[in-house]
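Every number in this text was worked out from the coordinates using simple rules, so none of it is lab data. Here the structure is a predicted model, which means the values were calculated and not measured. Counting neighbours? That spans all protein chains shown, and the Cβs are built from the backbone with ideal geometry, glycine included.
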Amino acid sequence: MLDSIKQQWKRANVLTRTISILVLIFIFQTVLFLSTSHYITSGIAKFFGLNNQFQLFSKKPWTIVTFMLFHKSVNHFVGNLIFLYFIGREFLNLFNSKQFLQVLIGGAISGAFIFLLATNFIPNYQGEAILLGISAGILALLITITIYRPQYNIYFTENAKVAIWIISAITLVYITLTSNRNSGGNFAHLGGVLFGVVFAYYLKGNLFQKNKNQLKTVHRSVIKTSKKFTKDEEAQINKILDKMNKSGYESLSTKEKLYLFKSGK
């Protein structure tokens, strides 16, 4: 069984691994504290959460990383996990695994710094607060896609699609309307948004970006040379490309990837 788990882990993409880690940590905190709600009042928050009081933060420097791995409640955890799954899947359609981790972690840490600064130096927001959750990193993923390719569509079913900029707009409006209920967390969200904007513009100006993978090269080549293919070959290529558009490049089998690569030559 252990060998089977190892094999599945090796085959899993970076999104699946990230979600698996978050699930295992949530199970750990659930079992450890024998509760499934409001971890903000438990030892989880005190030991793993990011405290905005610099004196307390300096005694627990590891919390600049651990805060993003733990959540304050079941609703908080499930909401973030669902959002991460859908947005992460779309992110990996455009970018590579390394960039996924850079944006997710970078956005979360950027959110942490904005949280620390805002809750210490902005009047009316000062006072002890603890930050938990990876939502700032998820927002960074969403905003990176939106700035990089605003007309990118997310498919919920074969015929139901929504432009990524609409999802971003709705998300930001919701965060703004609920700012009074979670001011500290929303400062972190702002940090994630800013990181996403900066990273997207960095990619737009980077001619050596790795996200222009062979799949996109194949797609252009197929369009330019489609007359050289038989009808059956063209149908097979379109079928594979449709699968990629819905589920991402990593969902393709080795045989399908090889077929596209040869077709693009």
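Things to note:
- Lys, Arg +1 and Asp, Glu -1 on Cβ, resulting dipole of region 2-204 about Cα centre, debye, nearest 20: 320
- Normalised alpha carbon radius of gyration of region 2-204 [divisor 2.2 N^0.38 Å]: 1.04
- Restraint check, Lys10/Lys98; Lys6/Lys204; Lys10/Lys72; Lys72/Lys98, Cα-Cα greater than 26 Å: Lys6/Lys204; Lys10/Lys72; Lys72/Lys98
- Here the residues Trp9, Trp165, ranked from fewest to most Cβ neighbours within 10 Å of their Cβ, fall in the order Trp9, Trp165.
- In terms of other Cβ atoms within 10 Å, Phe57, Phe115 run from fewest to most in the order Phe57, Phe115.
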